[in-house]
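Participant: Let me give you the structure first, and then I'll get to my questions.
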Amino acid sequence: MAKPLTSHPVAALFPDLNSADFAALKEDIRRHGVKVPILLHGGQILDGRQRYRACQELEIKCRYVEWNGHDPWLEVQSRNLLRRQLSKEQVYAIRKLAAQQFPEIAAPFEAERANARAGRAQGRGRPRGEKAAPIGSLDRHRESADAIGAQIGVSGSTVKRVDRLAREAPELLSRVAAGELSVKRALRELPAREAATPERSAPPHASSK
């Protein structure tokens with residue numbers, strides 16, 4: 001018996017289908033077979049985890065093709081974000097998690113933040129009333145959050161909220177990515193979580209003699 005295939009780390013960042021959608025997919029495959037082959041990269045599933053799972057449960061053969069691209073993240077992102085019903089905050093939370101695991105994914109984000117910092121520094125260094133000289137493109141004049149969001153089609157406010165959650169409660173980021181929790185609700189619950197955290201007990205005062 002062949003060893004079951006595992007998911008590529010990039011593909012595993014995307015949430016599974018819910019039970020109803022998976023049941024519909026499985027029934028479609030039972031009736032019509034796999035229409036889109038499973039995409040493999042280095043012996044792992046880059047795209048098609050749900051189709052592979054359905055085939056395993058139905059005990060039917062899957063079709064496979066080997067991926068020969070250069071950027072696994074862009075491949076998986078383009079396939080999943082276009083056909084999956086993911087919220088904007090899920091999209092950015094997934095991208096945030098991907099950037100933590102794969103530094104090359106974080107590079108465009110860091111470039112935008114560096115451009116924004118350079119623009120602010122340039123503005124501070126000029127005389128009052130004199131505008132900073134343009135740095136290059138219009139994107140560089142915007143808030144870094146807006147520029148980052150523009151890369152993947154989300155708003156700057158979404159970027160700011162998810163970034164804040166990643167700083168203050170990083171353990172909740174994966175739940176937002178999975179669609180289990182909205183980022184707004186998670187942020188609203190932060191004060192209560194902090195209040196419920198037991199404070200470190202203060203060292204006892206030395207008794208007076």
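Participant: In this structure, does D21 turn out to be at pLDDT below 95, in a loop (DSSP other than H, G, I, E, B) and of a type in the set (D, E)? Spell out the reasoning first.
Facilitator: Values: at pLDDT below 95: yes; in a loop (DSSP other than H, G, I, E, B): no; of a type in the set (D, E): yes.
No; evaluated as a whole, the condition is false for this residue.
Participant: Ok, one more. Taking region 61-99, which residues are within 24 Å of H32 (Cβ to Cβ) and touching a Lys or Arg at 6+ places or on another chain (Cβ under 8 Å)?
Facilitator: Once the filter is applied, which keeps residues that are within 24 Å of H32 (Cβ to Cβ) and touching a Lys or Arg at 6+ places or on another chain (Cβ under 8 Å), region 61-99 yields only C62.
Participant: Here is a follow-up. Quickly run through region 1-45 and pick out the residues that are among the aliphatic types (A, V, I, L, M) and closer than 19 Å to W67 by Cβ. Step through it out loud before you land on a result.
Facilitator: Kept after step one, since they are among the aliphatic types (A, V, I, L, M), are these residues of region 1-45: 1-2, 5, 10-13, 17, 20, 23-25, 29, 34, 36, 38-40, 45.
L5, V10, A11, A12, L13, V34, V36, I38, L39, L40, I45 - these are the residues of region 1-45 that are among the aliphatic types (A, V, I, L, M) and closer than 19 Å to W67 by Cβ.
Participant: Counting only residues that are closer than 21 Å to G179 by Cβ and either acidic (D, E) or touching a Leu at 6+ places or on another chain (Cβ under 6 Å) (or both), how many does region 2-46 have? Let's see the steps before the verdict.
Facilitator: If we filter region 2-46 for residues that are closer than 21 Å to G179 by Cβ, which is where we start, we get 7-26, 45.
Add one more test, that the residue is either acidic (D, E) or touching a Leu at 6+ places or on another chain (Cβ under 6 Å) (or both), and what stays is 8, 11, 13, 16, 21, 45.
The total comes to 6.
Participant: Restricting attention to region 28-47, which residues are outside any loop (DSSP other than H, G, I, E, B) and not hydrophobic (A, V, I, L, M, F, W, C)?
Facilitator: Correct list: D28, R30, R31, H32, H41, Q44, D47.
Participant: Let me ask something else. On the basis of being surrounded by 18 or more Cβ atoms within 10 Å (Cβ to Cβ), part of a helix (DSSP H, G or I) and among the polar types (S, T, N, Q), does Q56 make the cut?
Facilitator: no
Per-residue answers, yes or no, for (1) under 30 Å from G149 (Cβ atoms); (2) among the hydrophobic types (A, V, I, L, M, F, W, C); (3) open to solvent by less than 30 Å² (accessible area, probe 1.4 Å); (4) out of contact with any Ser or Thr (no Cβ under 8 Å at 6 or more places or on another chain):
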| residue | (1), (2), (3), (4) |
| --- | --- |
| V10 | yes, yes, yes, yes |
| N18 | yes, no, no, yes |
| L25 | no, yes, no, yes |
| D71 | yes, no, no, yes |
| Q85 | yes, no, no, yes |
| V91 | yes, yes, yes, yes |
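Participant: Related question: Please state which of the following conditions P103 fails to meet, knowing it meets all the rest: (1) open to solvent by less than 50 Å² (accessible area, probe 1.4 Å); (2) over 23 Å from I29 (Cα atoms); (3) at pLDDT 70 or above.
Facilitator: Of everything listed in (1) open to solvent by less than 50 Å² (accessible area, probe 1.4 Å); (2) over 23 Å from I29 (Cα atoms); (3) at pLDDT 70 or above, P103 misses just condition (1).
The values are calculated or read from the model by the stated rules, or taken from the named source; none is laboratory data. Owing to the predicted nature of the structure, the values given are computational and were not obtained by experimental measurement. Positions of Cβ are generated from backbone atoms using ideal geometry, with glycine treated the same way; all protein chains shown enter the neighbour counts. Just so you know, the surface numbers come from the protein's heavy atoms only, side chains and all, with ligands and any DNA or RNA stripped out. Shrake-Rupley method; radii C 1.70, N 1.55, O 1.52, S 1.80 Å.
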